[in-house]
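One structure is given here, and the rest of the page talks about it.
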Amino acid sequence: MSQQAPSLFRPLAEHGAGTPDFEKLREVTNAMVPFSVHVGVQITEIGVERAIAEIPVKDAMNNHMGSVHAGALFLAADIANGSAFVGAMAPRLASVTRFVVRESRCTFLKPAFGRIRAIATVDERIVSDVLSRNSTEKFDIDTKALCYDDNDVLVAKFSFDCVCNITAD
């Protein structure tokens with residue numbers, strides 16, 4: 001008899017069941033990843049269609065040229081990516097046993113200055129398909145994130161190829 005893996009999203013599950021409480025999901029998600037807490041990333045929005053994560057203005061986020069470091073941009077996009085997944089998959093969070101980025105691609109468009117805002121979305125066709133089933137399976141899910149700086153200039157684009165395991169309810 002195989003043992004079922006515990007949900008990675010168990011702390012969020014009660015807030016996603018039924019009618020999702022997106023504000024509570026945002027609050028709990030903000031505290032889940034120790035590194036993002038350490039750096040000061042704040043998730044400012046989680047919903048069915050998107051999530052937004054922000055990197056604060058700090059000298060420690062900058063590179064030697066005074067613009068925001070590419071790693072900080074990636075972190076904002078990555079946290080927004082995971083948060084968009086939480087919002088989209090809210091009804092099934094108790095069933096998620098694995099969610100990881102398998103591959104990512106980034107395009108840096110311009111130097112970024114000040115606060116960074118990453119807006120992420122999840123491929124809604126895949127989410128709709130997965131939410132309509134009740135089976136144990138592995139699936140691929142694609143997300144995208146756009147990063148804007150303090151002047152609302154698009155400074156970077158990211159795409160993430162993620163893999164997720166989900167158990168039957």
Kindly list, by first and then second residue, each pair from a residue in the stretch 122-146 that is closer than 21 Å to Ile52 by Cβ and small (Gly, Ala, Ser) to a residue that is open to solvent by less than 30 Å² (accessible area, probe 1.4 Å) and in a strand (DSSP E or B), limited to pairs with Cβ atoms under 6 Å and residues at least 6 apart or on different chains.
Ala145/Ala118; Ala145/Ala120; Ala145/Phe158
Among the candidates Phe139, Phe108, Phe99, Phe85, residue that is of a type in the set (Phe, Trp, Tyr), closer than 17 Å to Leu12 by Cβ and in contact with a helix residue (DSSP H, G or I) (Cβ under 8 Å, 6 or more places away or on another chain)
Phe99
When you look at Ala112, is it open to solvent by less than 30 Å² (accessible area, probe 1.4 Å) and assigned to a loop (DSSP other than H, G, I, E, B), yes or no?
yes
Being within 23 Å of Gly18 (Cβ to Cβ) and not in a loop (DSSP other than H, G, I, E, B): is that true of Val86 here?
yes
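Counting only residues that are assigned to a loop (DSSP other than H, G, I, E, B) and open to solvent by 10 Å² or more (accessible area, probe 1.4 Å), which one in the stretch 34-53 is farthest from Lys24 (Cα to Cα)?
Initial filter on the stretch 34-53 (assigned to a loop (DSSP other than H, G, I, E, B)): 40-41, 47-50.
Right, trim to open to solvent by 10 Å² or more (accessible area, probe 1.4 Å) and you get 40, 47-50.
Values: Gly40: 19, Gly47: 11, Val48: 14, Glu49: 16, Arg50: 15 Å.
Once the filter is applied, the top-ranked residue is Gly40.
In contact with a helix residue (DSSP H, G or I) (Cβ under 7 Å, 6 or more places away or on another chain), open to solvent by 40 Å² or more (accessible area, probe 1.4 Å) and of a type in the set (A, V, I, L, M): is that true of Leu131 in this structure?
Here the answer is yes, as Leu131 does meet what is asked.
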Condition set under 18 Å from the mean Cα position of the chain (by Cα) and among the aliphatic types (A, V, I, L, M), scope the stretch 132-165, selection farthest from Arg92 (Cα to Cα): answer is Ala156
With under 14 Å from the mean Cα position of the chain (by Cα), in a helix (DSSP H, G or I) and among the charged types (D, E, K, R) as the only criterion, which of Glu14, Glu27, Glu23 stands out?
Glu27
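If you check Pro56, Pro20, which single one turns out to be open to solvent by 20 Å² or more (accessible area, probe 1.4 Å), touching a residue at least 40 places away in the same chain (Cβ under 8 Å) and more than 25 Å from Glu124 (Cβ to Cβ)?
Numbers: Pro20 fails: more than 25 Å from Glu124 (Cβ to Cβ).
Of Pro56, Pro20, the one residue that is open to solvent by 20 Å² or more (accessible area, probe 1.4 Å), touching a residue at least 40 places away in the same chain (Cβ under 8 Å) and more than 25 Å from Glu124 (Cβ to Cβ) is Pro56.
Yes/no per residue for (1) touching a Ser or Thr at 6+ places or on another chain (Cβ under 9 Å); (2) farther than 15 Å from Asp78 by Cβ:
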residue: Gly16; (1), (2): no, yes
residue: Thr19; (1), (2): no, yes
residue: Phe22; (1), (2): no, yes
residue: Val33; (1), (2): no, no
residue: Val39; (1), (2): no, no
residue: Gln42; (1), (2): yes, no
residue: Pro56; (1), (2): no, yes
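The values are calculated or read from the model by the stated rules, or taken from the named source; none is laboratory data. All values reported here derive from a predicted model rather than from experimental measurement. Backbone-built Cβ (ideal geometry, glycine too); neighbour counts: all protein chains shown. Calculation scope for accessible area: heavy atoms of the full protein, side chains included, ligands and nucleic acids excluded. Shrake-Rupley method; radii C 1.70, N 1.55, O 1.52, S 1.80 Å.
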